[in-house]
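Undergrad: This structure is in structure tokens; I'll ask about it shortly.
Read the figures in this text as sums done on the coordinates, not as results from a lab. Because the structure is a prediction, the values reported are computed rather than measured. Glycine also receives a Cβ, built like all others from the backbone with ideal geometry; neighbour counts cover every protein chain displayed.
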Amino acid sequence: MPVYETIKLNRRVIWVGIILGYVVAAMLAGIRIANTENTTGELLGSVALGVAAALAPTMALLSLDRRPGLLPAASLAAILMGVVDLTLLPLWFVLALIWAWAHNRRPVTAEVSRRLWWGRAAMGFGVVLSVFVLFVHLDPYCTETMADGTVRQTDPADQGMSSGWRFGSTISQVTETSQSGVEGPVSSYCTSDQVVWGEALASLLISLAVFGAALRWPVNSPRPLTAPGPIGSPNVR
């Protein structure tokens, strides 16, 4: 296949991955919003999760502007997001394969220095870090629904839940119970972990740092063509 046709096909394939990547990020945020309490921290956390998921297609988008070295970072971020987000794991792996395939088909190899290689890896793991900080600290949350429909927050300690770092702790669980009494609560809801605004803000800041690093990725400038000259002249390399 001619070089020009190969470049056009690669760009189309990358665009398919970009569009699919943004759809997956929107799905991930939407699924979380639909399955969590509508607290300020949880809503902001869902937005932060969507922003973190959108970093992979964003890096792929920036790679089209003469930054081919960002494609492997996008693929790495997609693979790691698939490991973190098992619900949409097949889609994340498809994205990683799409961008890896397009990068390997480049007519010219995109070589990077050791410093940029490590920077690229850091951006990929930075995407996972922005997700990790959302859930690394356990913040239990409990509510009761009264017979008249009033919802009030209760102390999680009464349900045997305490806050703390997730290391060595159980995963987040949700429990619901119902009571038949007219007086008192008719149902209760508890989760061993909720996203608070501080965690969401930390996640957004990490995502912003990854995005800023991608924006500062050096642009590949084409080498100017020089007219051939006689042997021994500066124009002959």
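Undergrad: Can you tell me the FRET efficiency between R152 and W118 if r is taken as the Cβ-Cβ distance and R0 is 45 Å, rounded to the nearest 0.05?
TA: Efficiency at R0 = 45 Å is approximately 0.35.
Undergrad: If r is the Cβ-Cβ distance from V83 to R12 and R0 is 22 Å, what FRET efficiency results, to the nearest 0.05?
TA: 0.20
Undergrad: Moving on to the next point. Sort the range 45-109 into rounded, prolate or oblate with this rule: let a ≥ b ≥ c be the square roots of the eigenvalues of the Cα gyration tensor; rounded if a/c is under 1.5, and if a/c is not under 1.5, prolate when a/b is larger than b/c, oblate otherwise.
TA: Here the range 45-109 falls in the oblate category.
Undergrad: Further question: Given R₀ = 45 Å, what would the calculated FRET efficiency be for N35 paired with V3, taking r from the Cβ atoms and rounding to 0.05?
TA: 0.40
Undergrad: Hey, can you grab everything whose amide H is under 5 Å from the amide H of L138? Only 5+ residues off in sequence or another chain; H modelled, so Pro and N-termini drop out.
TA: Counting only residues 5 or more places away or on other chains, the set is G164, W165, R166.
Undergrad: Taking amide H atoms as placed 1.01 Å from N in the peptide plane, list the residues 5 or more away in sequence, or in a different chain, whose amide H sits under 5 Å from that of T154.
TA: Amide H neighbours of T154, under 5 Å, 5+ apart: C142, T143, E144.
Undergrad: Give me the distance in nm between label points sitting 7 Å out from Cα along the Cα-to-Cβ direction at R66 and V47, one decimal.
TA: Taking the two extended label points, one gets 3.6 nm.
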